[in-house]
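Encoded as structure tokens, the structure appears first; notes follow it.
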Amino acid sequence: MKPQHPVWTDRQQATIDARSCNILVSAAAGSGKTAVLIERIKTLLLEDRIGADRLLVVTFTKAAASEMKDKLAKSLRRALAEHPDAAVFLRRQLELV
């Protein structure tokens with residue numbers, strides 16, 4: 001059974017799918033910025049095989065950075081269960097996070 005994912009707005013999906021460029025995500029509180037960034041990072045890791053050590057993700061507070069790190073690790077653990085063929089790569093990414 002395929003896991004359920006949120007339905008992204010067109011702008012959110014464009015942010016997730018953007019490649020070969022840097023992005024800035026700026027939106028109101030509660031708009032889904034963190035979820036979009038986590039999905040973008042997970043997609044970069046899984047589909048493009050870009051290592052976590054090659055990404056720079058910046059936020060405004062240490063608390064927000066810690067929350068994002070925790071959410072990314074949780075997302076990668078779920079991806080590990082969903083993509084056993086990528087287990088070695090994903091375990092390495094979890095170590096890097």
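The values are calculated or read from the model by the stated rules, or taken from the named source; none is laboratory data. If you're wondering where the values come from, they're calculated on a predicted model, not measured in any experiment. Neighbour counts run over all protein chains shown; Cβ positions are idealised from the backbone, glycine included. Accessible surface is based on the protein model in full, side chains and every heavy atom, while ligands, DNA and RNA are left aside. Shrake-Rupley method; radii C 1.70, N 1.55, O 1.52, S 1.80 Å.
Let a ≥ b ≥ c be the square roots of the eigenvalues of the Cα gyration tensor of segment 44-96; is it rounded (a/c under 1.5), or, if not, prolate (a/b larger than b/c) or oblate?
prolate
Using the heavy atoms of the protein chains and a 1.4 angstrom probe, tell me the accessible area per residue for the chain in square angstrom.
Working: 7080 Å² over 97 residues.
Ligands and nucleic acids excluded, the figure is 73 Å² per residue.
Taking 0.36 nm per residue of sequence separation and removing the Cα-Cα distance, the Lys74/Thr9 pair yields an extension gain of 21.1 nm.
Rounded to the nearest 10 degrees, the angle from helix 87-96 to the longest Cα principal axis of the chain is 50 degrees.
What is the sum of charges around Arg40, taking Lys and Arg as +1, Asp and Glu as -1, for the other residues whose C-beta is under 13 Å from the C-beta of Arg40? Present the calculation step by step, with values, prior to reporting the outcome.
On the way: positive: Arg11, Arg19, Lys33, Lys42, Lys71; negative: Asp17, Glu39, Glu47, Asp48.
My count for the surroundings of Arg40 gives +1.
Thr34 to Ala87: FRET efficiency via 1/(1 + (r/R0)^6), r the Cβ-Cβ distance, R0 35 Å, to the nearest 0.05? That pair, Thr34 with Ala87, gives E of 0.85.
With all protein chains in place and a 1.4 Å probe, the accessible surface of the chain carries 54 percent carbon and sulfur. Can you show me the helix-derived [θ] at 222 nm for the chain, built from DSSP H runs with n ≥ 4 at -39,500 (n - 2.57) apiece and divided by the number of residues, rounded to the nearest 500. Result for the chain: -18000 deg cm²/dmol, rounded to the nearest 500.
Label separation (Asp48 vs Asn22): 1.4 nm, computed from points 7 Å beyond Cα along the C-beta direction.
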